[in-house]
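Undergrad: If you scroll down you'll find the structure; I have some questions about it.
The values are calculated or read from the model by the stated rules, or taken from the named source; none is laboratory data. Values in this document were obtained by computation on a predicted structure and should not be read as measured data. Reconstructed Cβ throughout: ideal geometry from the backbone, glycine too, with neighbour counts over all protein chains shown. Calculation scope for accessible area: heavy atoms of the full protein, side chains included, ligands and nucleic acids excluded. Shrake-Rupley method; radii C 1.70, N 1.55, O 1.52, S 1.80 Å.
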Amino acid sequence: MNSIITFTTDFGQRDAYAGAMKGVILGVNPLTTLIDITHDVPPQDITAGAMILADAAPYFPPGTLHLAVVDPGVGSDRRLIAARTSRAVYIGPDNGLLSYALVQDPPEIVVSITEKRYWTPRPSSTFHGRDILAPVAAHLSLGTPMEALGPAINDWITMEASQPVAHSDGTITGEVVRIDHFGNLITNLRPEQLPANPPALSFEVSGVLVNRLSRYYAEADGLLAVIGSSGYIEIAMAGGNAALTLKAGVGQKVVVITHTD
Amino acid sequence: MNSIITFTTDFGQRDAYAGAMKGVILGVNPLTTLIDITHDVPPQDITAGAMILADAAPYFPPGTLHLAVVDPGVGSDRRLIAARTSRAVYIGPDNGLLSYALVQDPPEIVVSITEKRYWTPRPSSTFHGRDILAPVAAHLSLGTPMEALGPAINDWITMEASQPVAHSDGTITGEVVRIDHFGNLITNLRPEQLPANPPALSFEVSGVLVNRLSRYYAEADGLLAVIGSSGYIEIAMAGGNAALTLKAGVGQKVVVITHTD
Amino acid sequence: MNSIITFTTDFGQRDAYAGAMKGVILGVNPLTTLIDITHDVPPQDITAGAMILADAAPYFPPGTLHLAVVDPGVGSDRRLIAARTSRAVYIGPDNGLLSYALVQDPPEIVVSITEKRYWTPRPSSTFHGRDILAPVAAHLSLGTPMEALGPAINDWITMEASQPVAHSDGTITGEVVRIDHFGNLITNLRPEQLPANPPALSFEVSGVLVNRLSRYYAEADGLLAVIGSSGYIEIAMAGGNAALTLKAGVGQKVVVITHTD
């Protein structure tokens, strides 16, 4: 049965970990299409993993299964969950990793994965991605119903996403929530949160003022602000790396200033 | 419909970018075989991307679609193009990225991609790889004719590849055009440009003389010159990394000296 | 004909090397499922490649073909081999790279790859992965019998795996054989080599004592010892990187101490 399973993990690419998961899946369902979203989530960084999964998932066709593993609590009593929405199925540890995706694509049912019938016999306590989540995803891809995996739950863990703060003087303080491969500083600011058609607009970051919202990277020289491809404001450097230029990291404040003079 | 789409991009592997492109393609044509050539072209390095694409493309079967995205001008008025040759289809921005492949595999038709029917609705201005090129590639894989994408053009941008210079004293000056993962210095020198059967031959690079052309890496100790797998002379270090040993980078001169005494 | 071919190489991911191999395979058998185990074996590190292949292979379904290329001797007179076991086929240079996998999954037949009919015409002397091993793997996936590739041999190269040493005072000295992406120190110690139910157990590494064997990473704070997912004892750092914390590398001694008082 043809279906798509994606991977979002912090396993890196130099060990056997991602390959072993894929082998297990192909042993259950050899016709699955396996797609790496990334294996380079920073180790144990659940927030970064949650953002990447939420960024990629909307672009996959209906029925895609998204398997995510950033799981520092593996082997402890943290739960493993599967969530079915109208568009997709998400499978991973119940530590917030799936929660940004589930906020934008709310689930019809979430189950706690407890039924051992779909697991590898004698699962290790250090690699549930390979021994539990991979075979469960493969069985779901073959049509196993969610309800067979374990009891429905409604208390899965949801992480609060950081939100910009609007101040009485008209400024808005956002922050950098992620730095991408190009060094673009992705903020938590959405364009619809900015004042409509201000006479002038700038972004203050690391003591530098970046003027106006550009339409694309090559529209400006040097530092610029642009609406990035996931719909948030980014601070970028034309032909360069804004994070290196500004020595800015995740958590860096970005203040939106509307000039009314 | 089964077909192969390859990817050559500077997206890196830690964000959702490559995954989102694949999701879009699978939404249009779920039976495509998706092959990463690389997502690790250095950011915005069109020349490096062009070389890697030209290196890999000849090894794929007829009918393969090669999607390449190194696109610092995304959102500006630079064109997006698709080129069909007798062997393959190439899709990417019109900034020279496809041009090394098209010099070795000349196109029958090149079109400017303007027909929005095959695009994602409301494409962003910062990620045309996902919003325009990916769905266009997927539609081509389903049999959409090139002519439906937009008007034919014949003024696509071709980058000049660097060429060795032969001097009156019999020496030839080439240069390093790329450093590979092993630290091998790949030059722009082809073996057929060297004198046939010289009494002795050496290569001067970073003030070091490398004697004779070895047949394979393990034939010599230390630094050696060899015909690399894409047909150009490489300076390599047996069991080591020539780039680190010689502190050499792209642009480093390599002088071929024929000893006639 | 549907079949799985996996890749374990030191090619890295930024060049055309892995892509070219895949193109060659798809030209022979377009229906193969291609799975990267890793292309990030440290350059020329045959031992690391052998461990990763042996780690991943058991999780793939019967009939999988494992293609491994860490081949500093390419072009010399080192042989290329293919080995068929009851579970899988392994293909690579005869330099020990396949040997850890073949010790755990003993071959029914091993052949030296000499029959040029299945190779790319005019193979290079610097990239046998692409020109010989890839087309041979693809032909095997189509049903070409092993015997057609060349003569059977029984003197393939086997690397000795490092073994812990038990001392008369009851201590056992093992060593770190690999450091994974998380910085976990993977040792050559298996839990069944430790004393059963000792009153107390600790592991001395880099002058630090790590007490008892934890069941999972999150069971302890700081440094801990755990049975890793491939069945060997690992020294890990809860929520951190043990290799950085201990400044430990491959070869680092790990002494098991049983406290009998």
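Undergrad: Which residues does a label at residue C:108 reach in the range C:81-96, if reach means a backbone N under 20 Å from a point 7 Å past the Cα toward the Cβ?
TA: C:81-92
Undergrad: Still on this structure, I have one more. Can you return the aspartates and glutamates within cross-link range of residue B:116? Criterion is Cα-Cα under 16 Å, with same-chain partners fewer than 8 residues away left out.
TA: B:77, B:131, B:147
Undergrad: Roughly how tilted is helix A:17-28, in degrees to the nearest 10 and between 0 and 90, from the longest Cα axis of chain A?
TA: Compared with the principal axis, the helix lies near 50 degrees.
Undergrad: What is the Cα centroid distance between the range C:200-261 and the range B:184-261, reported in whole angstrom?
TA: 47 Å
Undergrad: With every protein chain left in place and a probe of 1.4 Å, what is the accessible surface of residue B:206, to the nearest 10 Å²?
TA: About 50 Å², ignoring ligands and nucleic acids.
Undergrad: At residue A:199, label 7 Å along Cα→Cβ: distances to the other copies, nm, ascending?
TA: 8.4, 8.4
Undergrad: To continue, here is another question. Provide B:139, C:167 ordered by accessible surface of protein heavy atoms (probe 1.4 Å), highest first.
TA: C:167, B:139
Undergrad: Determine which chain C residue has its Cβ at minimum distance from the rotation axis mapping C onto B, giving the value in whole Å.
TA: C:13, 4
Undergrad: Treat each spin label as a single point 7 Å out from the Cα along the C-beta direction, and report the residue C:159 to residue A:159 distance in nm.
TA: Result for the modelled spin labels: 3.7 nm.
Undergrad: Moving on to the next point. Provide an ascending nm list, one decimal, of label-point separations from residue C:211 to the equivalent residue in each further copy; define each label point as 7 Å from Cα along Cα→Cβ.
TA: 6.4, 6.4
Undergrad: Then there's this: Modelled label-to-label distance, residue B:76 and residue A:152, 7 Å Cα→beta-carbon offset: nm?
TA: 5.5 nm
Undergrad: With N set to the number of residues, divide the alpha-carbon radius of gyration of the range B:4-149 by 2.2 N^0.38 Å and report two decimals.
TA: Scaled against compact globular proteins, the figure is 0.92.
Undergrad: Moving on. Compute the helix-to-body angle for C:46-56: its Cα long axis versus the longest principal axis of chain C, expressed 0 to 90° and rounded to tens.
TA: That works out to roughly 90 degrees.
Undergrad: Run the label-point distances for residue A:103 please: 7 Å along Cα to Cβ, every other copy, nanometres, shortest first.
TA: 5.0, 5.0
Undergrad: Let me cross-check residue A:31: its accessible surface, 1.4 Å probe, with only protein heavy atoms counted, in Å² to the nearest 10?
TA: Per-residue accessible area (residue A:31): approximately 80 Å².
Undergrad: Could you give me the ³J(HN,Hα) list for the range C:209-214, computed from phi with Karplus coefficients 6.51, -1.76, 1.60 and θ = phi - 60°, whole Hz, x at Gly and Pro?
TA: Values, residue by residue: 9, 10, 8, 6, 9, 7 Hz.
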